[in-house]
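Trainee: My structure is below; once you've seen it, I'll send some questions.
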Amino acid sequence: MLLMHVKGERSMIKKIVCVFMILTVINAFNVAFAANASNCENQFFNQASANGNGGETLSRNDVTPQKFDELNIDWDGIFYRKTNFSEKETIKDYAQSFQDCQRRWDFTDFNEWSKFAHIEGNVTRLVIGFNGRRSANFQSLEKMVAKYQAKIVNKIWMDGEFKAFIVELPIVSVADFTKEAQIKELAGYIEPNMRFQAFFVPNDPYWNVQWGPKKIGADWAWNITVGSSDVLVAVVDTGIYYYHEDLAANYVPLGYDWVNMDADPLDDNGHGTHCAGIIAAVLNNSIGISGLAQVRIMAEKVLTSDGWGYADWIANGIIHATDMGAKIISMSLGGYGYSQLLHEAVKYAYEKGVLLVATAGNDNINMMVYPAGYDEVIAVAATDQYDNKAEFSNWGDWIELAAPGVGIISTVPQGYASMSGTSMACPHVAGVAALLWSLNPLKTRDWLRLWLRYTADDLGDS
Ligand SMILES: [Ca+2]
Ligand SMILES: [Ca+2]
Ligand SMILES: [Ca+2]
C-alpha cells in the first residue's frame, strides 16, 4: 500500500520536516526545484518509490496533486475504518453501550479510576451520557440527582441536541448512583469525568533560537505562501494572551473560557500562548518570532492556570471551536484515561471536516494518551534538533507524526520563552497544516491528513 501506517504493516513514525517540499510539490510548476535540492526531497522520493504505489514510480516531475489524487489510495485502510463508523457507533444498542462502560469502569472500586478522574475532597464528578434516544429520561435523572444530594454542574450540547451532563456527587454515593441509573436505564453511558493536562517540561535556558520552523523548512515555504486568513485555527488549551505584540494581529475573539465560564479566554498560564505563537505569531513585523502560518487564531480555554482540565471542558471547547468555523484544532494536552464524552466531541468535529491534532505525551512510554489516541486525531510525538525522538516523548505505533519539541522559543504573556514538550510539537503540525490548507482551500481534511503523512520523513521504527 501507499503508506506504512496501514494496520498490520510495520509501523513508522513520520516527522514533519519538509513543509517546503510539500508546498513545492503542490506548486511544482511555479517553483524551480533545482535551486532547492535537499535531503528532504531525496528522502521523499525514495520513500515514495520504496512504498510501491501500486507499481508506479514517482519522479520529481510527475508528482503533482492531480497525479497524487489518481493514485489508487485505500482510504479505509489508511484510516482503519470506513468513514461512516461514527454513525454505526452512535446507533449502537443502549444495553451494549452500557455494558461497555461497565466493563471499563468498576464504580464499586474507587481506586481503579480515581487517579484519572475529577476528585475534590470527598466529591467527584461523573459524565452521564445519552445516546440520543435516552434523553427522554432527563427528568427521572434529575430526580435521582436530587435524591443522592448531587448536582448538575455542566451540560454538553452538539448541534442543539443534548448529549451529556456532568454530575457532582459524594464519592460514597457513586456506586449506588451508577447502579440505580443502570437498573432504571437512565443513561447511555456513565464514566468518571477524566482529568487531562498540558504536556510541557521545564524551560531550557540555553536555547534562544527558533530551530523548529527552520527544521521543517518554513522559511523556504513562506516564499510560496505565508498563510491565508480564511483558515481559522483553534488552540484548545490554557487560553491565549491576546494582548501580545506578536499575536494580536492574528487573534480573533471567537473562543470561550470553559474553566471560568466566561467569554474571555485570556491565558493565565502561558502554555496556550506559547502554542499559539508557534502556529501564528506575526511574521515580518520586526518583533519577536515567526509563527508558521499567517492565519486567524482563536482560543478555547479548557485548562486552568495550573494546566489541568476536565473532559467536559475540553469537549465543550472542541464543539464550540467547530461551531465557530475552526478548520484545525490543536490540542497540546492529554490524559491516559479514555473518555467517551471527549471522543464524542472529537467525532463531532471530525464529521464536520475539522483536522484534529494532539500531543503524544511526555512520559517516554508506549502508552496511548487521549485525545491523541482516538483514530480521528493525529497523534504527534516530539523530536529534538538532531531529528532524534525527544527523550521525554511517548512512542508507539499509535503515533502518526513527529515534529520539533525540544527548546522551542515562542510567545508567553511576559514576552518570549523557551519550552519543551510534545505540547510544542503538536502546534508545529497544526501550523504546517494551516499553511497547506491556505494554499489548497478546496481540499478536504482527509487529503490534508494524507499529505502530512505522505510527505513526512521516516523517523524509523517507533
Ligand atoms: Ca476568563
Ligand atoms: Ca514576529
Ligand atoms: Ca490518533
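Trainee: Ranked highest first by average number of other Cβ atoms within 10 Å, how do 338-348, 217-227 line up?
Mentor: Working: 338-348: 24.1, 217-227: 19.9.
My ranking of the peptides, most packed first, is 338-348, 217-227.
Trainee: Please give the Cα centre distance for the range 422-458 versus the range 277-351, rounded to the nearest Å.
Mentor: 15 Å
Trainee: If I model a spin label at ASP387 and ALA248 as a point 7 Å from the Cα along the Cα→Cβ vector, what separation in nanometres do I get?
Mentor: Each label point lies 7 Å from its Cα, and together they span 4.1 nm.
Trainee: If you don't mind, another one. Want the number for MET367 to ILE171: 0.36 nm per residue separation, take away the alpha-carbon distance, what's left?
Mentor: Full extension of this stretch gives 67.8 nm more.
Trainee: When a/c is below 1.5 the answer is rounded, else prolate if a/b is larger than b/c, else oblate, so apply that to the range 197-461 with a ≥ b ≥ c taken from the square roots of the Cα gyration tensor eigenvalues. Before the final figure, lay out each step's value.
Mentor: On the way: a/c = 1.13, a/b = 1.03, b/c = 1.09.
Rounded.
Trainee: Distance cut-off 22 Å, Cα to Cα: go down the list LYS147/LYS184; LYS155/LYS347; LYS214/LYS389; LYS115/LYS347; LYS214/LYS327 and report the pairs above it.
Mentor: Numbers: LYS147/LYS184 14 Å; LYS155/LYS347 18 Å; LYS214/LYS389 18 Å; LYS115/LYS347 26 Å; LYS214/LYS327 25 Å.
Listed pairs above 22 Å: LYS115/LYS347; LYS214/LYS327.
Trainee: Arrange the peptides 404-415, 163-174, 113-124 so that the one whose residues have, on average, the most other Cβ atoms within 10 Å appears first.
Mentor: 404-415, 163-174, 113-124
Trainee: Peptides 231-240, 390-399, 434-443: what's the order by average Cβ count within 10 Å, highest mean first?
Mentor: Top to bottom by mean Cβ count within 10 Å: 231-240, 390-399, 434-443.
No value in this document is a laboratory result; all are computed from the given coordinates. Since we're looking at a predicted model, the values are computed, not measured. Glycine gets a Cβ as well: all are built from the backbone with ideal geometry, and neighbour counts include every protein chain shown.
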